[in-house]
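Some notes on the structure that comes next.
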Amino acid sequence: MLHDSPPIEGTEIDVAGARKVRHPWRWVASVVLLVLLAQLVHMLVTNENFEWGVVASYLNAQIIGQGLLMTLELTVIAMFIGILGGVLVAIGRLSENPLLRAVCSGYVWFFRGTPLLVQLVFWYNMSALMPQLSIGIPFGPAFAQFETNSVITPMTAAILGLGLNEIAYMAEIVRGGLITVDGGQQEAAAALGMGRGRTLRRIVLPQAMRFIVPPTGSQVINMAKATSLVSVIALADLLYTVQSVYNRTFQTIPLLLVACIWYLVITSVLYIGQSFIERHYAKGSTRAAPQGFLAFALLRRRKPVRSE
Amino acid sequence: MTTPMVHASQVRKSFGPLEVLRGIDLDVAPGEVVVVLGPSGSGKSTFLRCVNHLESIDGGSIHVAGELIGHRVHGRTVHHLRPSRITAQRRHIGMVFQQFNLFPHLTVLGNIIEAPVGVAGAAKADALRHARELLDRVGLAEKADAYPKQLSGGQQQRVAIARALAMRPKLMLFDEPTSALDPELVGEVLQTMKKLAEDGLTMVVVTHEIGFAREVADRVVFMDGGVIVEQGPPAEVLDNPRTERTKAFLNQVR
Ligand SMILES: Nc1ncnc2c1ncn2[C@@H]1O[C@H](COP(=O)(O)OP(=O)(O)O)[C@@H](O)[C@H]1O
Ligand SMILES: [Mg+2]
């Protein structure tokens, strides 16, 4: 017997209106959480050290806006370098040339294996290692020479530090995406007389995108926050800007709150964008794939499928 | 005497210590349909892949339509061709795979026009017109805008055939085109291939479909252990095999 109650004689069983299973512990947990939340809100409101008035007055101050712009600019430039370089290094790691493979693997090993903060400070202090930079024939005469300090400004140090580091992470993401594409795809392309570059661009990369785009979205969100590290090399990003203000006014907590609020705004916007893109790339893998607006906008060549 | 479409001479190929092709001689005349039979692991796929240089060969030579594949002769020395030249040679040789290998991110039409537009320099409008003709020919005119995942295996394989035909190949290679299909879908693909044969296309077909060999092939080639054991008209090889190995194989697949 599978059930322990006797069948009800003479009537058909109807499960409509069956009693729900009770979950008393859910109620307990909910009450505890509500109490904790109430405490948190109470603290935020009543603790005067938050100085919400100061927070409000700085939230859209011009100087904060400039720091915010710098943070956004660094995020965009570093991600641009990271994605472009990441694709190249990933292709290098999958190359048939063993030296190229080794160099690209070494690159990833080094830049993922040392802290980003150390790398940033390192680039900032380039002049200590090489006081002068020159362009010329390797081991031969130089055509042009520069003072390192005039080339490696805090801005270039930040871009180098963030960008070169990001290349290593993006290379791993892109490589992971590329190797998910079935080898038969390259064979089919080769049999049709397509060259390697064309096959990569038209056949392999578009398919790998499904596996590359979602983690890249996470990388952008991480990058937006990681840019705050550049404050240690005196580049006026969002964090450095609030620091410079509270060093004068000693309103440390409210100004850090201003920074937090803006970082949350940036990452929330990015997060929403990411979930849109993820949904789009999840759609590509199902049998009946209706193409939404975003799909159409991102991949112009695709026409919506007409189902008959 | 016309130039043979395929002229393979003493083709040898090894993977590491494993010698997979041990001196294959095979000529295929223009318009001829050759069916290659043989037990699994006998080197049938490898031989097909050597014909369009998806695999390089270690010895002997392969000519397709009079052109030496993968190499060039300069004076008395033979050189390897550079990749771009090999790529160009493949454009005249169509290939259909067991696993279809359609491009899943492109529609049926996108799959078919990709190579003609991308590498053969066809105008897009012409390529699209040709693609629709080909889809008509393989009986899938109404599936032009579908994605591969929305098609059955048999339909996918017919699209793959249309895709290969879009490059107007002189020669078509089929590597077990129906082996990955549910039994009820095999017929539609074989029917499509039969039509191509009747239209005079030169075809080399690796298959286990004895019925197809009997009905469509001009010649049946039996391979085993990296050599051609026996060949001849289908009636001869299939009904009166001369070697024990052929007999044993035919008894198994029937
Ligand atoms: N890329 C490869 N590397 C190593 N061995 C291979 C490779 N391709 C095929 N082989 C081997 O070569 C032999 C012949 O394979 P194949 O040509 O696929 O046979 P068939 O198509 O007749 O079944 C098999 O033993 C197979 O394992
Ligand atoms: Mg095979």
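No lab work stands behind these numbers, since they all come straight from the coordinates. Just so you know, these numbers come straight off a predicted model, no measurement behind them. Cβ placement follows ideal geometry from the backbone for every residue including glycine, while neighbour counts extend to all protein chains displayed.
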Take every Cα pair under 8 Å in chain A that's 6+ residues apart, average their separations, divide by the length, and report that relative contact order as a whole percent.
22
Any idea how far the Cα center of region B:119-135 sits from the one of region A:77-101, in Å?
35
So for region B:14-75, considering every pair of alpha-carbon atoms, how many percent are separated by more than 13 Å?
68
What ranking of B:Lys195, B:Lys170, A:Lys20, B:Lys143 emerges when the number of other C-beta atoms within 10 Å of each C-beta is taken as an exposure proxy, fewest first?
A:Lys20, B:Lys195, B:Lys170, B:Lys143
Any idea what the alpha-carbon Rg over 2.2 N^0.38 Å comes to for region A:120-255?
1.54
Percent of Cα-Cα pairs per 5 Å bin, from 0 to the last occupied bin, for region A:1-137, please list those.
2, 6, 6, 8, 8, 9, 7, 7, 7, 7, 7, 6, 6, 5, 4, 2, 1, 1, 1, 0
Could you tell me the center-to-center distance, by alpha carbons, between region B:59-99 and region A:146-179 in angstrom?
42
Calculated Rg and Dmax of chain A using C-alpha coordinates, Å:
27.7, 104
Just to confirm my numbers, what's the Cα centroid distance between region B:178-231 and region A:200-246 in Å?
55
Report the convex hull volume per residue for region A:192-271, counting only C-alpha atoms, in Å³.
103
Convex hull of region A:92-138 built on C-alpha atoms - directionally averaged projected area, nm²:
4.8
Per-residue average of Cβ from other chains inside 10 Å of B:97-107:
6
Could you list A:Val45, B:Val229, B:Val206 in order of exposure, starting from the residue whose Cβ has the fewest other Cβ atoms within 10 Å?
A:Val45, B:Val229, B:Val206
Just to check, using Stokes-Einstein with a Kirkwood Rh over alpha carbon pairs, what's the diffusion coefficient of region B:127-229 at 25 °C and 0.890 mPa s in µm²/s?
168
Could you check which residue among A:Met79, A:Met209, A:Met223 shows the biggest mean-square fluctuation in a GNM of chain A with a 10 Å Cα cutoff?
A:Met209
How do A:264-272, B:85-93 rank on mean C-beta neighbours within 10 Å, highest first?
B:85-93, A:264-272
Project the alpha carbons of chain B onto their principal axes and report the range along each, largest first, in whole Å.
50, 49, 39
Please state, to two decimals, what the Cα-based radius of gyration of the protein assembly as shown comes to when divided by 2.2 N^0.38 Å (N = residues).
1.35
